[in-house]
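Asker: My structure is below; once you've seen it, I'll send some questions.
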Amino acid sequence: MKPLFTRTQMKAFIFPALLIMVWLTACTNAKTGKEEAIPVDLTEIKAKAPELMGKLIKTQGMVDHICRESGKRLFLGEESFKVLATNSVPSFRIEWEGSDVTITGFLKEDRVDETYLANWEQELKDGVQAQLKEATHTYEAESKGLDESAITTQYDQIKGYREQVAASGKGYISFYSLEAESITEKK
């Protein structure tokens, strides 16, 4: 009986297959949670944000506020640093307000520029009820406990953001949040 492949053909097949397997193993997605989280002080996240993008980080702080409507946004510490629920952590418990927590997750950047602000302003002028609850422009109002659906609050935010964009010298301002992979309450 004649073999299906010669020894040379087998070697030609096995070597590339092994290379592909090694490459796939080495290039696993960073969001699999298998990597070690980088500890970062909550007060340093914004300053270190560019170097932390796409990396798993771990921080801790006191829960200042949790969105009462969806439970999908949490604000940490005096900085009111925003943490977002994900598939890994679908919501946050209201009873965590005032508690110290440790959160692991991936840093996310949202940029606000003049185009974003002009579109937001046009929505308000057109009377469109913007989907605010998950949008970038809830940062200031919600973290301060303001009614982010109030038109005057939104116009005030737009005005303030325009001033910040102009002062930035970059043409945009960045808002950073953490997409939670895990959270534990410190007892």
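Asker: State whether one or more residues within region 23-40 are of a type in the set (Phe, Trp, Tyr), at pLDDT below 65 and out of contact with any strand residue (DSSP E or B) (no Cβ under 7 Å at 6 or more places or on another chain).
Answerer: Yes, because at least one residue in region 23-40 is of a type in the set (Phe, Trp, Tyr), at pLDDT below 65 and out of contact with any strand residue (DSSP E or B) (no Cβ under 7 Å at 6 or more places or on another chain).
Asker: Could you say whether any residue in region 169-187 is in a helix (DSSP H, G or I) and either polar (S, T, N, Q) or modelled with pLDDT of 95 or more (or both)?
Answerer: Looking through region 169-187, none of the residues is in a helix (DSSP H, G or I) and either polar (S, T, N, Q) or modelled with pLDDT of 95 or more (or both).
Asker: Related question: Name, by its number, the condition in (1) at pLDDT below 95; (2) closer than 25 Å to residue 172 by Cβ; (3) of a type outside the set (Gly, Ala, Ser) that does not hold for residue 106.
Answerer: Unmet condition: (1).
Asker: Same structure, new question: Quick check on my filter: what residues within region 54-89 are basic (Lys, Arg) and either without any contact (Cβ under 8 Å) to a residue 60 or more places away in the chain or farther than 18 Å from residue 106 by Cβ (or both)?
Answerer: 55, 58, 68
The values are calculated or read from the model by the stated rules, or taken from the named source; none is laboratory data. Bear in mind the structure is a predicted one, so any value in this text is a computation, not a measurement. Cβ coordinates were reconstructed from backbone atoms using ideal geometry, including for glycine residues, and neighbour counts include every protein chain displayed.
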